[in-house]
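Everything below concerns the one structure shown next.
The values are calculated or read from the model by the stated rules, or taken from the named source; none is laboratory data. Computed from a prediction, not measured in an experiment: that's the story for all the values here. No Cβ is skipped: glycine too gets one built from the backbone with ideal geometry, and neighbour counts run over all protein chains shown.
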């Protein structure tokens, strides 16, 4: 006896499929950037040394914890749009705009790299925002706006540590 294949339900949330696809693709890039930044920030939290150790150790923990909670929101929005969220290191590596780092990095270089990473997430979100706005996808617009605000603030706080 053969099992009949059950068709996937049609998604009818008032956003055309092609627009949902574009938004989900953009959110997938933002998810990859966010996860990569999370991993980098957590790595730096573990490995920071020097006179700013305590300040940076705590700041990095605050930032990676916030990002960790946010990646779930981004992934769930992709799913709500009807697409699978990327979730492997291979997928993230292919989608991210953030450069990986390895080896020992000074505290100041960690800060510089994290500023670049925070700003990269903002740029990716900013690219997707007009697509979501044009499609009338208010939940994605709200998510993208909120993420930009957080990452812009984090970049500012990190940059302030680089001033002499």
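Here residue 121 passes the criteria (1) touching a residue at least 40 places away in the same chain (Cβ under 8 Å); (2) more than 11 Å from the chain's Cα centre (by Cα); (3) buried (at least 18 other Cβ atoms within 10 Å of the Cβ); (4) in a helix (DSSP H, G or I) except the one numbered (2). Scanning segment 30-55 for residues that are more than 13 Å from residue 109 (Cα to Cα) and surrounded by 23 or more Cβ atoms within 10 Å (Cβ to Cβ) yields 30, 31, 32, 33, 34, 35, 36, 37. Looking across segment 62-79 at every residue that is in contact with a helix residue (DSSP H, G or I) (Cβ under 8 Å, 6 or more places away or on another chain) and without any contact (Cβ under 8 Å) to a residue 60 or more places away in the chain, the one that is surrounded by the most Cβ atoms within 10 Å (Cβ to Cβ) is identified as 67. Criterion first (at pLDDT below 95 and surrounded by fewer than 23 Cβ atoms within 10 Å (Cβ to Cβ)) does residue 136 satisfy it? No, not satisfied. Take the conditions (1) surrounded by fewer than 23 Cβ atoms within 10 Å (Cβ to Cβ); (2) under 20 Å from residue 61 (Cβ atoms); residue 158 misses just one of them, which is (1).
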